[in-house]
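The values are calculated or read from the model by the stated rules, or taken from the named source; none is laboratory data. Worth saying up front: this structure is predicted, and the values here are computed from it rather than measured. Note that each Cβ is placed from the backbone with ideal geometry, even for glycine, and that neighbours are counted across all protein chains shown.
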Amino acid sequence: MTETLTDEDRKLVVLARGALARAESPSGAAVRDGDGRTYAGADVRTRTLTLTGLQVAVASAISSGARTFEAAVIVNGAPDDPGLDTLHELSPEAYAVLTDTAGAPQQRIGRADA
């Protein structure tokens, strides 16, 4: 991907990488809601609960009152992350950027694809 990230998207990368590192998780994510607030999450994998970092970030945002989303970043994630379905269910115009572990953009999903 040759496209550069916006300053706001770079902030999401920092938040997602921080969540990944704190949780010692293989993947982390961050979202920006329609009001510009940000939320981060890392994968949760227990015997009784499995969530991707994006699912955690979206759930955290929703539980804090977010109703729409502008963007998401998934660090070291996959294009079939089930959290993308929830993101686009609530905000079809939202986009997501997948990055490698270092934060370099690999793929954009959503609005920029149109």
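A few points about this structure:
- Total residues in the stretch 41-73, condition crowded, with 24+ Cβ neighbours inside 10 Å and free of Cβ contacts under 8 Å to residues at least 60 places away in the same chain: 9
- When each of GLY77, GLY83, GLY103 is tested for being part of a helix (DSSP H, G or I) and closer than 25 Å to GLU24 by Cα, the lone residue that passes is GLY83.
- Count of the stretch 1-30 residues which are over 13 Å from the mean Cα position of the chain (by Cα), at pLDDT 95 or above and of a type in the set (A, V, I, L, M, F, W, C): 2
- When the residues of the stretch 23-40 are filtered to those that are outside any strand (DSSP E or B) and in contact (Cβ under 8 Å) with a residue 12 or more places away in the chain, the one that is surrounded by the most Cβ atoms within 10 Å (Cβ to Cβ) is SER27.
- Among residues of the stretch 60-74, those that are under 12 Å from THR38 (Cα atoms) and assigned to a helix (DSSP H, G or I), counted: 3
- Single unsatisfied condition, VAL13 versus (1) in a loop (DSSP other than H, G, I, E, B); (2) surrounded by 15 or more Cβ atoms within 10 Å (Cβ to Cβ): (1)
- Just one of (1) buried (at least 19 other Cβ atoms within 10 Å of the Cβ); (2) farther than 15 Å from VAL13 by Cα fails for ASP85. It is (1).
- Cross-chain or 6+ apart pairs with Cβ under 7 Å, the stretch 85-109 first and within 17 Å of ASP7 (Cβ to Cβ), then outside any strand (DSSP E or B) and modelled with pLDDT under 95: TYR95/ARG111; TYR95/ALA112; VAL97/LEU5; PRO105/MET1; PRO105/GLU3; PRO105/LEU5; ARG108/MET1; ARG108/GLU3
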